[in-house]
Structure formats: C-alpha cells, structure tokens
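These notes are about the structure you will find just below.
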Amino acid sequence: MSEKIKSTLIIAIAIVLTGLLLGKYFKNRNANLDTISVIGLGTKDFVSDEILWSGSFTTNSLDIKTAYNKIVSDQKIVSEFFIGKGFKTNEFNFGAVNFQKKFKEVRSENAENQTRYEQVFDGYQATQTISFSAKKNEDLMKRIESVSSKTSELVNSGIELSSNSIQYTYSNLPSLKQSLIENATKDANERATKIVKTGDGNLGKLKRASMGVFQITGQGSTEDDSYGGINDTYSKNKTARITVRLEYELD
C-alpha cells in the first residue's frame with residue numbers, strides 16, 4: 001500500500017472519529033440545555049409548645065461557709081415566693097451552687113511616687129440558678145410567662161433575681177420539616193409545569209433535586225435567611241420555611 005493511500009485512510013478515520021466525538025458532545029450539550037430548574041417554597045406558621053425560663057441570684061461573703069449559708073437561706077425565700085405565685089415544688093428546679101473567688105484592685109504608691117496596682121482577695125460570690133420548663137402544657141406555660149415579669153418583687157426580701165430571656169421551642173420539628181419539604185416539592189413541580197405549558201412544551205423526567213436550609217423565624221420577621229439556617233428561640237409565634245430546587249428535562 002502506497003504512502004499516499006495510507007495517509008488518505010488515516011485522515012478518513014480521523015474525520016470519522018472526530019465526527020463521532022463532536023456528535024456525542026453536542027448531544028450531551030443539548031441535553032444540558034434542554035432542562036428547566038425551579039425553586040419551590042414550603043412555609044408554615046406555628047405556635048411553640050415548649051418553654052424554658054431561668055434566672056439566678058447571688059450573695060457575697062469573705063467566708064465561703066457564710067456565703068453558702070446565706071445562699072441556702074435565700075433559696076428558701078425564692079422557693080416560697082414562687083409557691084406563693086401558684087407553682088408546685090416539682091414545677092421548678094434549683095441548680096448546684098457555684099462559688100467564685102472575688103478580687104479587687106488596690107492602688108498604692110511607693111517612696112519614689114511610683115504607682116502600683118495589686119489584685120487583693122475580696123471574698124466569695126455564691127450563685128444559685130432556678131429554672132422553669134413546660135412541654136405541651138399551656139396552663140404552665142402561661143404561668144411561667146406571667147411570673148417572669150414579677151421577680152422584682154423579691155427585692156423586698158433583699159434578693160435580686162437576674163432573669164434570662166424566655167426561650168420557646170417546638171416539640172415536633174421532624175414532622176414539621178417533612179411537611180415543609182413535601183409542600184416545597186409540590187410548589188416547585190407546579191411552577192415548572194406552568195412555565196413549560198406557557199411555552200407549549202412538555203415536562204420530562206426529574207434530573208436532580210436539592211434542598212435549602214431550614215429556617216425558623218418569628219412571625220412577621222423581616223430577618224434575612226442565613227446560610228447556616230435560623231432557629232429563633234425568642235418568639236412564641238414562629239414561621240418555618242424551606243426551599244427545594246428541582247431540575248427537569250424537557251421533552
């Protein structure tokens with residue numbers, strides 16, 4: 001076989017292979033182009049059915065034993081206060097007493113008028129915590145909400161109770177999430193169907209699906225969605241939402 005014929009065959013084979021590769025490329029390229037991607041939203045308003053509220057009070061003394069005896073005495077007064085507000089002893093809990101050493105800064109000057117600062121032991125601070133919680137108990141939740149704003153009355157007994165913000169949560173989040181995902185998926189499918197029908201096309205099979213981040217905000221909140229998700233625990237009335245992205249082929 002002459003070199004000319006060999007060259008011709010090689011060129012012909014190369015052209016055929018190139019055609020096949022280009023055909024496959026354009027087929028895949030068109031398959032990627034003939035798709036539609038839509039985002040669906042699932043949202044639901046709900047009311048929290050769990051509550052957690054806590055507070056703390058402190059006492060100070062140069063002697064740790066005196067500080068302990070004083071905090072135990074204050075604990076009895078605090079307990080009687082909440083019992084007087086209609087709570088049973090099993091509806092609130094006291095945490096362990098925490099002790100912390102206190103120091104004060106003392107300023108002094110030497111003979112050369114050089115200023116010196118020194119940390120000097122200033123006794124012990126004892127701290128006691130108290131917490132209230134309720135789950136699916138509307139009556140107890142209301143009583144906790146009510147009493148949380150009345151703790152200043154303890155000042156009359158010489159006790160200053162530092163109150164934390166009430167935290168609200170929901171007991172059945174897994175079921176709520178599943179419901180939102182279903183609603184968001186249905187919404188995305190309906191959007192895709194309407195868009196395709198408007199363009200006289202047909203919706204093909206689902207290629208891929210992805211889910212956004214679960215967001216819980218207070219009802220009426222204008223807070224922007226967070227990349228890592230939002231879980232508002234300060235609002236009793238909340239809104240949960242999630243997005244689902246669906247990508248379909250077009251027939």
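The values are calculated or read from the model by the stated rules, or taken from the named source; none is laboratory data. Every value quoted in this text rests on a predicted model; they were computed, and no experiment measured them. Quick reminder, even Gly has a Cβ in these numbers, built from the backbone with ideal geometry, and neighbours come from all protein chains shown.
Being surrounded by 12 or more Cβ atoms within 10 Å (Cβ to Cβ) and either farther than 18 Å from N60 by Cα or not small (G, A, S) (or both) is the requirement here; does F121 meet it?
On the way: surrounded by 12 or more Cβ atoms within 10 Å (Cβ to Cβ): no; either farther than 18 Å from N60 by Cα or not small (G, A, S) (or both): yes.
Taking the combined requirement at face value, the residue does not satisfy it.
If the condition is being more than 22 Å from V244 (Cβ to Cβ) and either within 17 Å of the chain's Cα centre (by Cα) or assigned to a strand (DSSP E or B) (or both), then region 157-205 contributes S162, S163, S165, I166, Q167, Y168, T169, S171. Within the span defined as region 143-156, every residue fails to be in a strand (DSSP E or B), in the same structural domain as K101 (by TED's automatic domain parsing), basic (K, R) and farther than 26 Å from T43 by Cα.
Scanning region 178-188 for residues that are at pLDDT 95 or above, surrounded by 13 or more Cβ atoms within 10 Å (Cβ to Cβ) and out of contact with any Ser or Thr (no Cβ under 8 Å at 6 or more places or on another chain) turns up S179, I181, T185, K186. Scanning region 222-248 for residues that are without any contact (Cβ under 8 Å) to a residue 40 or more places away in the chain and in contact with an Asp or Glu (Cβ under 7 Å, 6 or more places away or on another chain) yields one hit, I230.
Is there a residue in region 176-194 that is closer than 30 Å to F99 by Cβ, among the charged types (D, E, K, R) and out of contact with any Leu (no Cβ under 6 Å at 6 or more places or on another chain)? No: zero hits.
Just checking, does region 107-118 include any residue being modelled with pLDDT under 95 and either among the hydrophobic types (A, V, I, L, M, F, W, C) or surrounded by 15 or more Cβ atoms within 10 Å (Cβ to Cβ) (or both)? Lay out the reasoning, then the answer.
Quick first cut of region 107-118, residues modelled with pLDDT under 95 only: 107-118.
Within this subset, residues satisfying the condition of being either among the hydrophobic types (A, V, I, L, M, F, W, C) or surrounded by 15 or more Cβ atoms within 10 Å (Cβ to Cβ) (or both) are 111.
The answer is yes, given that some residue of region 107-118 is modelled with pLDDT under 95 and either among the hydrophobic types (A, V, I, L, M, F, W, C) or surrounded by 15 or more Cβ atoms within 10 Å (Cβ to Cβ) (or both).
When V244 is tested against (1) touching a helix residue (DSSP H, G or I) at 6+ places or on another chain (Cβ under 6 Å); (2) at pLDDT 95 or above; (3) surrounded by fewer than 18 Cβ atoms within 10 Å (Cβ to Cβ), exactly one condition is not met: (3).
Here A192 meets each of (1) surrounded by 13 or more Cβ atoms within 10 Å (Cβ to Cβ); (2) in contact with a strand residue (DSSP E or B) (Cβ under 7 Å, 6 or more places away or on another chain); (3) at pLDDT 95 or above with one exception, condition (3).
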